[in-house]
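This report concerns only the one structure given below.
Here, each number is a calculation from the coordinates, and none is a lab measurement. Please read all numbers here as calculations on a predicted model, not as lab measurements.
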Amino acid sequence: MSWPKGPMKYNAAIAIELPRFKARHYEITLDDRTISTQAMLIAVSNGRSYGGGMLVCPDADITDGLFDVMVLHPISKLEFAKVFPRVFKGTHVTHPAVEIVRSRKVSISAKAVAYADGERIGQLPISAECVSGALLSWTP
């Protein structure tokens, strides 16, 4: 999408996708267990926000060596529309359909497409490992 610009682009994309948005079955393999569940959305994050400032995993810590994995279990489209605005403050995590787990390694399998930073990267399965201390940075 070339329009709108900024955070509104994500809101427009949600509005376009919402009519087709439905739960799928996922197998989520973590360090210590496998979760077999229906979910509408799964986000694997090392940081707190993405997508124009959405605090999808508001308690994620880029220095802890763990991914925060947010699972949105099935809800109605009306409920999704009501809860979605809360993602900009990170308060969506208190909704009973939202589950957050932490893990160093994550693998996700489903008949679904994976996206990374808003870009389609291909069909699942996908695996990721959070490597603590792998990124060295300098700050003044």
Just to check I understand the Karplus step: with θ = phi - 60° and J = 6.51 cos²θ - 1.76 cosθ + 1.60, what whole-Hz values come out for region 73-87, glycine and proline as x? 6, x, 9, 5, 5, 5, 5, 4, 4, 6, 7, 3, x, 5, 5
Tell me, what ³J(HN,Hα) does each residue in region 132-140 have, in order and in whole Hz, if you take phi through Karplus 6.51 cos²θ - 1.76 cosθ + 1.60 with θ = phi - 60° and put x for Gly and Pro? 5, x, 6, 9, 9, 9, 10, 10, x
